[in-house]
Amino acid sequence: MNKVLFIILITNFLFSQEKLVVDDKYLQTGIDFKEKQYLVFNHPDFYYSKKFDSKSWNKNTLKFNAIPKEDNFPYNFFHIKEKNYLVHNGCGTVYEFKNDSIIRIDNSFEHKNQFMASPFVYKDEIYYFGGYGLFTFKNILTKFDFKTKEWELVKYSNYKKLPEPRANSLIFQKNDKLYLIGGTVENFETNLTTTKSKILNDIWQLNLNTKEWIYLGELKDKYSINFEYFNSYINDKNIYDYGKLFEFDFDNNVLKSTEPRDKYSFSYFEKFNPKTNEIFYALGNSNDGNRKLEIIVEDFESYKSEFTSEEELFETQNSYLLYATILFSLVSIGFLSFYLKKRTKPTYENKITLKDSNFYFKDKLINNLSSEENDLLHFLFKSKNTPLVMNEVVDFFSKNDNTPYNTLTKKKDLVLNGLKQKLAFILEIDEDDLFITQKNTEDKRIKEIQLNPRYFSSLN
């Protein structure tokens, strides 16, 4: 027994260290409140941990890792109901970190639809707002359903007044309210060969109960915050870090800030620990070509320092003349842009388009369909003007006469559901709106299916 204990102690000593320095290529941090430890994921084969009351970091081997090995670590960390989750930053795949293993738990796929989205947790559910993917910027809100293990599109109560599609937005939560600040968007020009970046400075409030957006105004100090950079924020304290710290007081319309920090040092992946009042982050030097990051845990008050300035956070626009001028300008620019596009080059409709045996959305090739999903969509396109009997769709999957009908039916459902899910995300619509399903007019027992012409067209 003493020998075993000795071996354990020696092992802990050899694989523990007070100072932790890691590469930034493969990195994510998290706080496990159940086990009372800080976590650093920096390699597909191992991770680091440090107990709240410990000064040393331990290197731990991952017993199992379902996450694909990549050069980076494209996953956001969440701790919900004493469980740890890692969610792909493009939305889709969801993993649970448990017992030194990373296990996939979702029934979804890599959406690649919401990169640079703003993630948050509300009532123990994971949400993603906005982001970029599948050739467009988004203003959608998606939610992971832990019961079905799939993502769903959250419906807003009013679609007439929404934030502009964007990525890299700052978000803060206070009770049932979500505050959205700015972000970035790129306007594509000249057949997608050049882009023009646009920085947004608007501030919105989302009622998380009613799902209604309210426009608050424009960020007054538009040059203090850089949304093009990977932003770090401490959500619990409404604090944002970029060279200096900013504290947002939305109720009183106040923005506080500190003096600038070391211009070469930036902190990343901040996590606030309300149990210990500590801040957990990675510190890097922008002049360091090797991009090494030191993992630091320190008292939040010492990290924050003192706020030295205070100003108005946002300003509202109450001038009717200004609104009229802006509206007239936008209409004029839109009309001119449309006229020039019509003269120079025909464009695809805002639909799934078939051209030269390939599918496109907004001039871009759709390449995330499986071979069976692609073949099925071609099959449906051939009869897009007339309904298909569902048995014809089942027969489409028959490769020989010996395949049981039940097997074909299950395969039809699997492929059709996968196709619906992917296309619905591209079009940003409900899956039920993608196809028209109905009963045969002569025989009500027969089900028919047809592509909804609202969302599909052909240039062949």
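The values are calculated or read from the model by the stated rules, or taken from the named source; none is laboratory data. Everything numeric here is computed off the predicted structure, so don't read it as measured data. Cβ atoms come from the backbone with ideal geometry, glycine included; neighbour counts cover every protein chain shown.
If we keep just the residues of the range 94-110 that are outside any loop (DSSP other than H, G, I, E, B) and in contact (Cβ under 8 Å) with a residue 40 or more places away in the chain, which is nearest to LEU39 (Cα to Cα)?
We begin by selecting, within the range 94-110, every residue outside any loop (DSSP other than H, G, I, E, B); these are 94-98, 101-104.
Narrowing further to those that are in contact (Cβ under 8 Å) with a residue 40 or more places away in the chain: 94, 97, 102.
Values: VAL94: 18, PHE97: 11, ILE102: 13 Å.
Step by step, filter the range 94-110, then rank; the result is PHE97.
What residue, of ASP251, ASP262, is at pLDDT 85 or above, loosely packed, with under 12 Cβ neighbours inside 10 Å and not β-branched (Val, Ile, Thr)? Steps first, answer last, please.
Numbers: ASP262 fails: at pLDDT 85 or above.
After applying the criteria, what remains is ASP251.
Check the range 167-189 and report whether any residue there is closer than 17 Å to GLU428 by Cα and either in contact (Cβ under 8 Å) with a residue 12 or more places away in the chain or not in a strand (DSSP E or B) (or both). Quick ask: steps written out before the conclusion?
Start the filter on the range 167-189 by keeping residues that are closer than 17 Å to GLU428 by Cα, which leaves 167.
With the extra rule that they be either in contact (Cβ under 8 Å) with a residue 12 or more places away in the chain or not in a strand (DSSP E or B) (or both), the set shrinks to 167.
The answer is yes, given that some residue of the range 167-189 is closer than 17 Å to GLU428 by Cα and either in contact (Cβ under 8 Å) with a residue 12 or more places away in the chain or not in a strand (DSSP E or B) (or both).
Checking TYR122 against (1) touching a strand residue (DSSP E or B) at 6+ places or on another chain (Cβ under 6 Å); (2) modelled with pLDDT of 95 or more: exactly one of these is not met. Which one?
(1)
Any idea how many residues of the range 78-117 are among the hydrophobic types (A, V, I, L, M, F, W, C), more than 11 Å from the chain's Cα centre (by Cα) and at pLDDT 95 or above? Reasoning before the result, please.
Residues of the range 78-117 among the hydrophobic types (A, V, I, L, M, F, W, C): 78, 80, 86-87, 91, 94, 97, 102-103, 105, 109, 115-117.
Now restrict to residues that are more than 11 Å from the chain's Cα centre (by Cα): 78, 80, 86, 94, 97, 102-103, 105, 109.
Checking the rest, the ones that are also at pLDDT 95 or above come to 78, 80, 86, 94, 97, 102-103, 105.
The number of residues fulfilling the criteria is 8.
What single numbered condition from (1) without any contact (Cβ under 8 Å) to a residue 12 or more places away in the chain; (2) crowded, with 22+ Cβ neighbours inside 10 Å fails to hold for ALA117?
(1)
Can you name the condition, by its number, that CYS91 falls short on among (1) assigned to a strand (DSSP E or B); (2) crowded, with 20+ Cβ neighbours inside 10 Å?
Result: CYS91 passes all but (1).
Only one of (1) outside any helix (DSSP H, G or I); (2) touching a residue at least 24 places away in the same chain (Cβ under 8 Å) fails for LEU376. Which number is that?
(1)
Out of all the residues in the range 441-456, which are in a strand (DSSP E or B) and out of contact with any Leu (no Cβ under 7 Å at 6 or more places or on another chain)? Reasoning before the result, please.
First pass over the range 441-456, keeping only residues in a strand (DSSP E or B): 447-451, 456.
LYS447, PHE456, listed by residue number.
Tell me which residues, restricted to the range 269-283, are touching a residue at least 60 places away in the same chain (Cβ under 8 Å), not in a strand (DSSP E or B) and not basic (Lys, Arg).
Selection gives THR276 alone.
Within the range 75-82, is even one residue hydrophobic (A, V, I, L, M, F, W, C), crowded, with 18+ Cβ neighbours inside 10 Å and in contact with a Gly (Cβ under 7 Å, 6 or more places away or on another chain)? Steps first, answer last, please.
Here is the first cut: in the range 75-82, the residues hydrophobic (A, V, I, L, M, F, W, C) are 77-78, 80.
Still in the running and crowded, with 18+ Cβ neighbours inside 10 Å: 77-78.
Subsequent filtering for residues that are in contact with a Gly (Cβ under 7 Å, 6 or more places away or on another chain) retains 77.
Yes - at least one qualifying residue is present in the range 75-82.
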